[in-house]
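The values are calculated or read from the model by the stated rules, or taken from the named source; none is laboratory data. Source: prediction; values computed, not measured. Cβ sites come from the backbone with ideal geometry, for glycine too, and all protein chains shown count toward neighbours. Quick note on the areas: whole protein, heavy atoms, side chains included, nothing else; ligands and nucleic acids left out. Shrake-Rupley method; radii C 1.70, N 1.55, O 1.52, S 1.80 Å.
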Amino acid sequence: DATRGTEVFVSDSGNHRVRRIRPAIRQSGEENWNAAIIETISGDGAPGSYDTRTQREKPKASVLLTSRLDARFALPEGVACAGDGAVVIADTLNSRIRHVSPDGLTVTLAGDDGVGYSNGAGGQARFRGPRGIAVD
């Protein structure tokens with residue numbers, strides 16, 4: 001069984017969310033994929049490009065997004081799982097590569113508000129509608 005002991009990650013493109021499918025666990029401890037649990041790990045369902053952030057301890061901090069569901073994607077297409085439990089997403093219409101940590105924080109790894117082609121660190125890199133992604 002290819003799904004035994006695993007979770008399945010889905011880029012729910014039309015809903016602008018990244019979701020996880022995992023088996024329900026029977027009382028016997030056995031996995032039950034017929035009663036799979038589907039949950040959103042990132043994205044609030046509206047198109048956009050927001051990362052999640054934790055509230056800062058300083059009172060004047062302007063960073064207020066605290067929920068993993070506060071992140072926004074625009075037609076996420078590619079999803080890859082990293083060895084540390086993180087998920088990396090090709091956020092197609094935003095032309096960005098995004099990272100969702102195991103605790104649900106979403107950050108932009110590469111790409112910015114521009115579309116095009118350029119190499120560089122983080123926000124200096126540019127993509128034009130990335131769709132596929134792989135993690136080594």
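Scanning the stretch 82-119 for residues that are among the hydrophobic types (A, V, I, L, M, F, W, C), open to solvent by 40 Å² or more (accessible area, probe 1.4 Å) and within 10 Å of the chain's Cα centre (by Cα) gives 105, 107.
Table: residues versus (1) assigned to a strand (DSSP E or B); (2) open to solvent by 50 Å² or more (accessible area, probe 1.4 Å); (3) charged (D, E, K, R); (4) out of contact with any Cys (no Cβ under 6 Å at 6 or more places or on another chain).
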{"residue": "11", "(1), (2), (3), (4)": "yes, no, no, yes"}
{"residue": "14", "(1), (2), (3), (4)": "no, yes, no, yes"}
{"residue": "22", "(1), (2), (3), (4)": "yes, yes, yes, yes"}
{"residue": "27", "(1), (2), (3), (4)": "no, yes, no, yes"}
{"residue": "32", "(1), (2), (3), (4)": "yes, no, no, yes"}
{"residue": "35", "(1), (2), (3), (4)": "yes, no, no, yes"}
{"residue": "39", "(1), (2), (3), (4)": "yes, no, yes, yes"}
{"residue": "45", "(1), (2), (3), (4)": "no, no, no, yes"}
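Scanning for something under 17 Å from residue 41 (Cα atoms) and part of a strand (DSSP E or B), does the stretch 107-119 turn up at least one residue? Yes: one or more hits. Within the stretch 17-47, being in contact (Cβ under 8 Å) with a residue 40 or more places away in the chain and over 25 Å from residue 84 (Cβ atoms) holds for one residue alone: 47. Condition check for residue 56 on (1) within 24 Å of residue 111 (Cα to Cα); (2) modelled with pLDDT under 90; (3) open to solvent by 70 Å² or more (accessible area, probe 1.4 Å): one failure, at (1). Kindly establish whether residue 51 is modelled with pLDDT under 90 and either under 24 Å from residue 123 (Cβ atoms) or surrounded by 17 or more Cβ atoms within 10 Å (Cβ to Cβ) (or both). Yes, satisfied.
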